[in-house]
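Written out below as structure tokens is the structure these notes cover.
The values are calculated or read from the model by the stated rules, or taken from the named source; none is laboratory data. None of the values given here were measured: they were computed from a predicted structure. Cβ sites come from the backbone with ideal geometry, for glycine too, and all protein chains shown count toward neighbours. Just so you know, the surface numbers come from the protein's heavy atoms only, side chains and all, with ligands and any DNA or RNA stripped out. Shrake-Rupley method; radii C 1.70, N 1.55, O 1.52, S 1.80 Å.
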Amino acid sequence: MHAPIVKRWRLKPAPDPGIVHELTYERCPTSAATILAQRGITDKRGAAHFFRPSLADLHDPFLMEGMQLAVERIERALGDNERIMVFGDYDVDGTTAVALVYGFLARFTGNLTFYIPDRYAEGYGISTQGIDKAKEEGVGLIIALDCGIKSLEKVAYAQERGIDFIICDHHLPGDRLPEAVAVLDPKRPDCPYPFKELSGCGIGFKLMQGFAQRNSIDFEELESLLDLVAISTACDIVPVGGENRILCHFGLQRINDKPRPGVRAILGMANVKKRLGVGDLVFSIGPRINAAGRIEHGRKAVELLLAHEEQQAVAIATLIDGNNSHRQELDRNMTEEALAHIAEDEWQQSAWSTVVFNPDWHKGVVGIVASRLTERHYKPTVVLTASNGKAVGSARSVKGFDVYEAISACSDLLEQFGGHMYAAGLTMPLENVQAFRARFDKAVRAMILPEQRIPEEDVDLELRLDAVDDGLLRVIRHMAPYGPGNMRPVFLARGVVDSGSARLVGEHHLKMRLLHPDAPRRSFDAIAFKQANWLELVRSGKPFSVLYTLEDHEWQGRVSTQLNIKDIKPGVEGVLLEEESLSELNPQSPRASQHA
């Protein structure tokens with residue numbers, strides 16, 4: 001087993017004691033009040049707003065630049081019985097967005113089609129093939145979801161063929177916007193919409209909300225769509241705060257209480273029987289929806305999400321589950337090959353980034369493999385393969401580092417690229433791979449800060465295990481849904497020991513029952529995933545320190561509190577590292593010179 005990367009633990013700054021006092025009451029102990037204050041909640045009214053999300057607090061969709069034009073164009077298409085194509089990307093965000101908009105508009109017109117580009121033949125985003133297909137079918141309006149913000153040439157091509165576009169995207173725009181009828185993207189510099197972090201599916205939902213509002217359609221008619229917004233929000237890793245928190249909260253309710261046939265079928269394949277949270281959407285539903293586009297075709301995912309009949313849904317879900325099993329096998333094999341390549345390559349050993357290329361790798365899995373390599377080596381990572389005579393691939397980043405910016409520094413070597421801070425896609429001539437590898441590493445060395453080269457665990461609060469009480473557990477349950485921007489609180493406990501039950505679960509996971517020696521009556525079951533290397537320490541009886549989250553664990557109908565151990569360090573003291581000690585990692589860094 002490989003040695004785990006040593007992580008830096010950083011305790012978050014203590015919030016204003018006055019705010020903590022204001023938030024503390026019988027049902028919200030000081031520990032919980034501290035966590036709320038750290039997350040920007042300053043009074044009981046703000047806490048009530050946080051704990052009780054309301055659909056009434058969703059923003060007016062017409063605050064989004066272009067919304068009026070978009071809704072009017074859809075109304076005109078419906079009035080003229082014009083054929084509409086709903087176009088979306090092949091990943092979870094794109095396919096849920098297409099299912100949402102197509103499914104809602106199908107209530108008002110039968111003159112409707114949808115299109116998902118083939119990942120391998122067409123690649124990401126709006127495609128010439130898709131536009132040609134629209135022309136062939138007599139489409140007059142294309143609604144593009146989760147893509148299109150940089151598709152200036154494709155939109156112009158469609159215009160030449162008499163087809164209008166409405167763009168619904170959440171990626172960063174370029175210097176110019178496409179000449180579409182309307183471009184909905186809160187990240188447009190001129191867009192006053194107050195919440196900037198909607199998923200692509202979330203923007204599709206706002207478009208349908210705007211349409212409903214203009215046409216006096218009750219909001220209840222939209223509520224059945226919130227499951228799709230929640231799935232996209234979770235799986236596209238956008239912040240689960242602000243408007244996304246509301247959409248996720250009610251979307252999860254829908255999934256748990258009244259799932260659509262396609263979602264119910266996926267959960268059956270994944271053997272999920274408990275109430276779901278955001279993490280379950282990411283690990284149970286997302287990979288299966290994604291697998292359709294990675295292995296076969298993203299169209300299957302849309303068909304699954306639109307299925308009305310249970311039998312049809314189960315048939316498609318069975319096919320997609322098979323795609324996912326194949327994807328898992330490819331993922332394992334490619335990751336092993338990539339790790340072996342890195343181990344044998346001296347240049348890779350000393351590089352500050354990882355760039356690996358194998359023309360035989362499966363294009364649909366390169367993003368997943370890039371994530372695996374980033375976890376293992378903790379470097380900005382690009383995984384490339386060959387497709388249609390080009391080198392194509394995906395990039396993943398480490399915390400705080402903008403991999404999109406680093407790729408931009410290599411733009412003259414690339415034919416196209418797109419993405420955001422933590423994930424990007426790119427295409428280049430095959431002969432440019434070696435030059436890109438060197439240039440990308442040079443860009444990473446110039447841009448990365450020393451602290452970004454060490455994985456970091458943020459710690460909300462130092463909290464002994466015997467201080468965990470029912471009030472804190474109740475607040476933690478009600479802080480969900482969790483996700484980026486509202487992560488599950490992480491606590492530090494120093495000087496814990498195992499009760500004597502430590503054992504391995506599977507090959508890599510460590511199961512324990514932890515307590516403080518001076519408080520033996522307050523102990524908790526604990527699971528440390530992929531941390532089997534600590535078994536000897538835990539069994540030695542020596543005290544150690546842990547970072548943990550508090551979670552409900554359901555087993556055979558019984559629910560108990562379990563510690564999910566994020567990290568372990570030997571000993572009791574000195575577990576928090578000072579930032580200044582990191583400057584020697586990169587003497588050229590601007591941050592290093594500030595510490596000098």
The local net charge around ILE131, scoring Lys/Arg +1 and Asp/Glu -1 for residues other than ILE131 whose Cβ lies under 9 Å from its Cβ, equals +3
Using θ = phi - 60° and the Karplus curve 6.51 cos²θ - 1.76 cosθ + 1.60, what whole-Hz ³J(HN,Hα) does each residue of region 465-481 get, with Gly and Pro shown as x? 5, 6, 9, 6, 10, 5, x, 5, 4, 5, 5, 4, 4, 7, 6, 5, x
Using 0.36 nm per residue of separation minus the Cα-Cα distance, give me the extension gain between ASP466 and ARG558 in nm, one decimal. 30.9 nm
Cα centroid separation - region 399-451 against region 63-108, whole Å: 34 Å
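How much length would be gained if the chain were fully extended between ASP360 and ASP175, taking 0.36 nm per residue of separation minus their Cα-Cα distance, in nm to one decimal?
On the way: separation 185, 0.36 × 185 = 66.60 nm, distance 3.60 nm.
Result for the pair: 63.0 nm of gain on full extension.
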In nm, to one decimal, how far is the ARG332 label point from the LYS44 one, both placed 7 Å along Cα→Cβ? 5.5 nm
By how many nm would the segment from ALA519 to SER216 grow when fully extended, if each residue of separation counts as 0.36 nm and the alpha-carbon distance is taken off? 102.9 nm
How far, in degrees from 0 to 90, does helix 200-214 lean away from the longest principal axis of the Cα atoms of the chain, to the nearest 10? 60 degrees
Where a Cα-Cα gap under 15 Å defines reach, which aspartates and glutamates qualify for LYS511, not counting those fewer than 8 residues away within the same chain? ASP498, ASP525, GLU536, GLU551, ASP567
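Determine the dipole magnitude for the chain: charges of +1 sit on the beta-carbon of Lys and Arg, -1 on that of Asp and Glu, nothing else is charged, the reference point is the Cα centre, and the result goes in debye to the nearest 20. Before the final figure, lay out the partial values.
Details: 68 positive and 81 negative charges, 272 e Å.
It comes to approximately 1300 debye.
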Separation between the PHE529 and ARG477 pseudo-spin-labels, each 7 Å from Cα along Cα→Cβ, expressed in nm? 2.2 nm
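Accessible area of the chain with a 1.4 Å probe: how many percent of it is carbon plus sulfur?
Values: 12930 of 26190 Å².
Of all accessible area on the chain, carbon and sulfur atoms account for 49 percent.
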Can you send over the solvent-accessible area of TRP534, 1.4 Å probe, protein chains only, in Å² to the nearest 10? 50 Å²
Just need the relative contact order of the chain here, percent rounded to a whole number, with Cα pairs under 8 Å and 6+ apart. 12 percent
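Let's see if you can work this out: charge +1 on each Lys and Arg Cβ, -1 on each Asp and Glu Cβ, no other charges. What is the dipole magnitude of region 234-280 about its Cα centre, in debye to the nearest 20?
On the way: 8 positive and 4 negative charges, 59 e Å.
I would put it at about 280 debye.
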Ranking GLN159, SER199, GLY262 by how far each Cα lies towards the positive end of the charge dipole of the chain (+1 on Lys and Arg Cβ, -1 on Asp and Glu Cβ), the top one is GLY262
Positive-pole candidate from ASN432, THR385, ILE448, dipole of region 337-455, charges at beta carbon: ILE448
1/(1 + (r/R0)^6) with r = Cβ-Cβ of GLU536 and SER408, R0 = 45 Å, i.e. FRET efficiency to nearest 0.05, evaluates to 0.45
At a probe radius of 1.4 Å, what is the per-residue accessible area of HIS326, in Å² to the nearest 10? 80 Å²
Amide proton proximity set for LYS566, modelled H, under 5 Å, gap of 5+: LEU547, TYR548, THR549
Using only Cα atoms, find the angle between the long axis of helix 366-377 and the longest principal axis of the chain, and express it within 0 to 90 degrees, rounded to the nearest 10. 20 degrees
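What dipole magnitude, in Debye to the nearest 20, does region 447-508 give about its Cα centre under +1 on Lys/Arg Cβ and -1 on Asp/Glu Cβ?
Values: 7 positive and 11 negative charges, 32 e Å.
Computed charge dipole of region 447-508: roughly 160 debye.
Just to confirm, what accessible area per residue do you get for the chain at 1.4 Å probe, in whole Å²? Don't skip to the answer; put the middle values down first.
On the way: 26190 Å² over 596 residues.
Dividing the accessible area of the chain by its residue count gives 44 Å².
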Label points 7 Å out from Cα along the Cβ direction at GLU136 and HIS308: separation in nm? 2.7 nm
One would report the antiparallel percent of DSSP beta bridges in the chain, rounded to the nearest 5, as 60 percent
Return the long-range amide H neighbours of ASN486 (sequence gap of 5 or more, or a different chain), with a cut-off of under 5 Å between placed amide H atoms. VAL240
Cβ-defined net charge surrounding GLU303, 12 Å radius [Lys, Arg +1; Asp, Glu -1]: 0
With unit charges on the beta carbons (Lys and Arg positive, Asp and Glu negative) and the dipole taken about the Cα centre of region 434-524, which residue among ASN486, SER499, LEU472 sits farthest to the positive side? ASN486
Taking H placed 1.01 Å from N in the peptide plane, check which residues at least 5 places from LEU461 or on another chain put their amide H under 5 Å from its amide H. VAL490, LEU492
Candidate residues TYR124, TYR482: accessible-area rank, largest first, probe 1.4 Å: TYR124, TYR482
With a Förster distance of 22 angstrom and the Cβ-Cβ distance between HIS508 and MET487, calculated FRET efficiency to the nearest 0.05 equals 0.40
Calculated from backbone phi, Karplus (6.51, -1.76, 1.60) coupling profile of region 537-549 in Hz, x at Gly/Pro: 4, 4, 6, 5, x, 6, x, 9, 10, 9, 9, 9, 10
Sequence gap at least 6, Cα distance under 8 Å: using those rules, report the relative contact order of region 28-186 to the nearest whole percent. 22 percent
Mind scanning LYS12/LYS442; LYS399/LYS530; LYS154/LYS390 and naming the pairs with a C-alpha gap bigger than 28 Å? LYS12/LYS442
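Using only DSSP helix segments of four residues or longer, with each worth -39500 (n - 2.57), what per-residue ellipticity at 222 nm results for the chain after dividing by its residue count and rounding to 500? Present the calculation step by step, with values, prior to reporting the outcome.
On the way: 21 runs with 226 residues, N = 596.
Helix-only estimate at 222 nm: -11500 deg cm²/dmol.
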